[in-house]
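Some notes on the structure that comes next.
The values are calculated or read from the model by the stated rules, or taken from the named source; none is laboratory data. Predicted, not measured: the structure shown is a model, and the values here were computed from it. Cβ atoms come from the backbone with ideal geometry, glycine included; neighbour counts cover every protein chain shown. Side chains are part of the model used for accessible areas, which takes the heavy atoms of the whole protein and leaves out ligands, DNA and RNA. Shrake-Rupley method; radii C 1.70, N 1.55, O 1.52, S 1.80 Å.
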Amino acid sequence: MKSKTAPWIFTASCPSIIGTVDVVTRYMAQAGNYVDEIHSFDDRESGRFFIRIEFLPQDADFNADVFKTEFAERAAEFDMDWSLTAPNHKPKVAIMVSKYDHCLNDLLYRFRTGQLNIDVTVIISNHPDLEDLAKWHGIPYYHLPITADTKLEQEAQVRELIEQYDTELVVLARYMQVLSPSMCEYLDGRAINIHHSLLPGFKGARPYHQAWEKGVKMVGATAHYVNNDLDEGPIISQGIQVVNHAHYAEDLIAKGQDIERVTLFNAVKCHVEKRVFLNGKRTVVFGG
């Protein structure tokens, strides 16, 4: 039976060589750590090995610094990039949004009820519309208008806020602005965006109307990491729902927004639980 005690999380990636699983699991056993969940994947295309372990220390005096010192010696032999995350760690998250509130509402609800183990420290928007929602949750809200002429200045302000609030993850919850190349580089690997379709498809204005005009038979959403290729960053999560000729544009909007919020939630949850590994232009995502 799976333990209800919050586990420590160990993640690692390294070149695919013999002994990668053994070096991790052998140390866990020798250190007296009970492995509660384990996932691993060896990618023959990239030649990379990935592993994620949830474990429960059996020693009441478990010391993370000792773990890091001891395991670092073993990891060095495998050129292993690894991390250890404490059970009580709540990543500090900044949410960026424009006017649509469905994804923001969903993230704040899941944050408030503990479904997402995060600390939403700041909300940033290029519109003032959702300030009352932020105030109700007691979260600072910054309205930073943006135009083509002030884009770089506005992004500099965003960076200052990200650093001011010690942000570990930025979530673009329907933030309807294209980030500059320098901003994409700054946020590389630590910003998640939600897109209103199964990429690629129906870019630009009124995407659901475009989909309806084409008579689509399903609607979907894609959550992905931000990079400098517009809407082509490494995909974390996707969702779909079947529709038919009886669904009009407004029906597609409603269904699409439901899929967007759930897909974004899944992506954020996987990220904060250390289930996502970047693997070139793709991702390795271990299920919960």
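Answer yes or no as to whether Thr113 is hydroxyl-bearing (Ser, Thr, Tyr), surrounded by fewer than 19 Cβ atoms within 10 Å (Cβ to Cβ) and free of Cβ contacts under 8 Å to residues at least 12 places away in the same chain. Spell out how you get there, then give the answer.
On the way: hydroxyl-bearing (Ser, Thr, Tyr): yes; surrounded by fewer than 19 Cβ atoms within 10 Å (Cβ to Cβ): yes; free of Cβ contacts under 8 Å to residues at least 12 places away in the same chain: yes.
Here the answer is yes, as Thr113 does meet what is asked.
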- Message: With surrounded by 14 or more Cβ atoms within 10 Å (Cβ to Cβ) and either at pLDDT below 95 or of a type in the set (Gly, Ala, Ser) (or both) as the only criterion, which of Val178, Val216, Val158 stands out?
- Response: Val216
- Residue count, region 246-288 (criterion: under 11 Å from the mean Cα position of the chain (by Cα) and either of a type in the set (Gly, Ala, Ser) or within 22 Å of Gln115 (Cβ to Cβ) (or both)): 15
- Looking at region 219-233, which of the residues that are modelled with pLDDT under 90 and out of contact with any helix residue (DSSP H, G or I) (no Cβ under 7 Å at 6 or more places or on another chain) is surrounded by the fewest Cβ atoms within 10 Å (Cβ to Cβ)? Asp229
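Under the condition of being in a loop (DSSP other than H, G, I, E, B) and small (Gly, Ala, Ser), which residue from region 53-100 is farthest from the chain's Cα centre (by Cα)?
So in region 53-100, the residues in a loop (DSSP other than H, G, I, E, B) come out as 58-63, 77-80, 86-91, 98-100.
Subsequent filtering for residues that are small (Gly, Ala, Ser) retains 60, 86, 98.
Numbers: Ala60: 32, Ala86: 18, Ser98: 19 Å.
Filtering first and then ranking leaves Ala60.
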- Message: I'd like to know if region 23-38 contains one or more residues that are in contact (Cβ under 8 Å) with a residue 60 or more places away in the chain, closer than 14 Å to Asp79 by Cα and within 26 Å of the chain's Cα centre (by Cα).
- Response: no
- Query: Which one is modelled with the lowest pLDDT, of the residues in region 181-199 that are closer than 17 Å to Val93 by Cα and charged (D, E, K, R)?
  - Reply: Asp188
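For region 138-151, what are the residues that are more than 15 Å from Ile162 (Cα to Cα) and open to solvent by less than 40 Å² (accessible area, probe 1.4 Å)?
First pass over region 138-151, keeping only residues more than 15 Å from Ile162 (Cα to Cα): 138, 145-151.
Within region 138-151, Ile146 is the sole residue that qualifies.
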- Query: Within region 39-85, restricting attention to residues that are under 13 Å from Thr11 (Cβ atoms) and small (Gly, Ala, Ser), which residue is surrounded by the fewest Cβ atoms within 10 Å (Cβ to Cβ)?
  - Reply: Ser83
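Among the candidates Val262, Val242, Val276, which residue alone is open to solvent by 70 Å² or more (accessible area, probe 1.4 Å) and not acidic (Asp, Glu)? So that I can check it myself, show each step before the final result.
Working: Val262 fails: open to solvent by 70 Å² or more (accessible area, probe 1.4 Å); Val276 fails: open to solvent by 70 Å² or more (accessible area, probe 1.4 Å).
The conditions single out Val242.
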- Message: Under 7 Å between Cβ atoms, which residue pairs at least 6 apart in sequence (or on different chains) link something in region 6-21 that is within 16 Å of Lys68 (Cα to Cα) and free of Cβ contacts under 8 Å to residues at least 24 places away in the same chain with a partner that is open to solvent by less than 40 Å² (accessible area, probe 1.4 Å) and part of a strand (DSSP E or B)?
- Response: none
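If a residue must be in contact with a Pro (Cβ under 9 Å, 6 or more places away or on another chain) and open to solvent by less than 60 Å² (accessible area, probe 1.4 Å), how many such residues does region 21-38 contain?
5
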